[in-house]
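**Student:** Just dropping this structure here.
The values are calculated or read from the model by the stated rules, or taken from the named source; none is laboratory data. Note that the structure is a prediction, hence the values are computed from the model and not measured. Neighbour counts run over all protein chains shown; Cβ positions are idealised from the backbone, glycine included. These accessible areas exclude ligands, DNA and RNA; they are computed on the full protein's heavy atoms, side chains included. Shrake-Rupley method; radii C 1.70, N 1.55, O 1.52, S 1.80 Å.
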Amino acid sequence: GSSLEPQEHSMEPPAAPPEEEEEEEMPLTAAPGPAGCQLFGYVGIEAVLDQMKIKTMKMGFEFNIMVVGQSGLGKSTMVNTLFKSKVSRKASQPGQEERIPKTVQLQSVTHVIEEKGVKMKLTVTDTPGFGDQINNENCWDPIIKYIKEQYERYLREEILITRKRKIPDTRVHVCVYFIPPTGHWLRPLDLEFMRRLSKIVNVVPVIAKADSLTLEERTEFKQRIQEDLKAHAINVYPQEDFDQDPDDRALNDRIREKIPFAVVGADQEHQVNGKRVLGRKTKWGIIEVENPAHCEFALLRDLLIRSHLQDLKDITHNVHYESYRVRRLNESNGP
């Protein structure tokens, strides 16, 4: 009888064996070995990555960011600094009545940004009026309602009999919460907002206008905020429960040590040592936004765009939206 072991000395196709021998050889090729199957020639499997890249570049992708905080903390400037363009809607010369809204109003603006052939549909949602009143009771309700409305809109498109090939994604992928640079503890408003919002969306807290604090005050303030978040069991992004492998856990642990990021926003360039840099000019010098020695804006940009953008979208879809979807379907199927 013929041997079942592969013959390495010949590359010519063997003669067709009987049917019984074919059935015996099938488990040998189908069962993977402990070290995987070793290829003895170029097949071209790696071209799948190029196909995915070409398809993604043609279709583009969507990213929705929400900024929350009191007026005057530099939310619009920070978003413009993140994407190095005028992407945030800013009212020009508002009147006295428009300067402080009576209630929290949500304003969304959408842009298409292109860099090196990659198109991104960016939606920025601002929340003017949050925390500006004397009585801020339930001021987070309009924000929670807006986030759930986007989940509901996506769910309605998903349960249709004839669905679209690509469902428009308006769900909020990340909420950047701006903490006032007081140098003390977190306010009850900050704690209550992050406690409620962290259950339905990815929340990334940042210390706004960190150049108003000294380095010692900044370090102490961050430690107090981390203690407050741990004491009140508030899970901000990146959450420890969603780390999938040791490499992700090690990277996210380093990020969690830095949270909240002490950031400074600027949309003007200045000349420093013969180079044009983004920064804020003061009497004592220029605060460079992208200099890690001056602020932690570079860490925030890397987290939101360069390293965790797809992870933010995945957690939004697989965790936050999925929990909303399960709850809504249980309500509709209940008695």
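**Student:** Do any residues in the stretch 242-260 that are at pLDDT 90 or above have Cβ atoms under 6 Å from those of residues that are part of a helix (DSSP H, G or I), where the two are at least six apart or on different chains, and which pairs are they?
**Tutor:** Lys258/Leu299; Pro260/Ile225
**Student:** In the stretch 136-157, which residues are more than 15 Å from Leu197 (Cβ to Cβ), open to solvent by 40 Å² or more (accessible area, probe 1.4 Å) and of a type in the set (Asp, Glu)?
**Tutor:** Glu137, Glu157
**Student:** Do any helices (runs of 4 or more DSSP H) entirely within the stretch 217-335 hold 2 or more residues that are over 30 Å from Gly60 (Cα atoms), and if so, which?
**Tutor:** 246-258, 321-333
**Student:** Scan the stretch 181-207 and report the pairs whose first residue is open to solvent by 60 Å² or more (accessible area, probe 1.4 Å) and whose second residue is among the basic types (Lys, Arg), with Cβ atoms within less than 9 Å and a gap of 6+ or a chain change.
**Tutor:** His184/Arg224; Trp185/Arg224
**Student:** Could you please tell me which pairs satisfy a Cβ distance under 7 Å, a separation of 6+ or placement on different chains, a first residue in the stretch 310-335 that is within 18 Å of Pro238 (Cβ to Cβ), and a second residue that is assigned to a helix (DSSP H, G or I) and open to solvent by 70 Å² or more (accessible area, probe 1.4 Å)?
**Tutor:** That search, which allows pairs on different chains as well, returns Ile315/Phe242; Val319/Phe242.
**Student:** Further question on the same structure: Taking the stated definitions as given, is Val112 of a type outside the set (Ser, Thr, Tyr), assigned to a loop (DSSP other than H, G, I, E, B) and either buried (at least 17 other Cβ atoms within 10 Å of the Cβ) or at pLDDT below 90 (or both)?
**Tutor:** no
**Student:** Let me ask another. For Val118, indicate whether it is of a type in the set (A, V, I, L, M, F, W, C), within 22 Å of Val87 (Cβ to Cβ) and open to solvent by less than 40 Å² (accessible area, probe 1.4 Å).
**Tutor:** no
**Student:** Please state which one of Val277, Val289 is aliphatic (A, V, I, L, M) and either in contact with a Cys (Cβ under 6 Å, 6 or more places away or on another chain) or open to solvent by 20 Å² or more (accessible area, probe 1.4 Å) (or both).
**Tutor:** Exactly one residue qualifies, and that residue is Val277.
**Student:** Another question, if that's okay. What is the number of the single condition among (1) under 18 Å from Arg218 (Cβ atoms); (2) under 20 Å from the mean Cα position of the chain (by Cα) that Val289 does not meet?
**Tutor:** All conditions pass for Val289, except number (2).
**Student:** Filter the stretch 214-235 for residues that are aliphatic (A, V, I, L, M) and open to solvent by 20 Å² or more (accessible area, probe 1.4 Å); which is nearest to the chain's Cα centre (by Cα)?
**Tutor:** Ala233
**Student:** Can you name the helices (runs of 4 or more DSSP H) wholly within the stretch 1-86 that have at least 3 residues being modelled with pLDDT of 85 or more?
**Tutor:** 47-59, 75-83
**Student:** Let me ask another. If Ile234 satisfies all but one of (1) touching a helix residue (DSSP H, G or I) at 6+ places or on another chain (Cβ under 8 Å); (2) aliphatic (A, V, I, L, M); (3) touching a residue at least 60 places away in the same chain (Cβ under 8 Å), what's the number of the condition it fails?
**Tutor:** (3)
**Student:** For the stretch 55-71, give me each residue that is charged (D, E, K, R) and within 15 Å of the chain's Cα centre (by Cα).
**Tutor:** Of everything in the stretch 55-71, just one residue is charged (D, E, K, R) and within 15 Å of the chain's Cα centre (by Cα), namely Glu62.
**Student:** Consider Thr127 against the criteria (1) open to solvent by 40 Å² or more (accessible area, probe 1.4 Å); (2) touching a helix residue (DSSP H, G or I) at 6+ places or on another chain (Cβ under 8 Å); (3) of a type in the set (S, T, N, Q): it satisfies all of them except one. Which criterion is unmet?
**Tutor:** Failed condition: (1).
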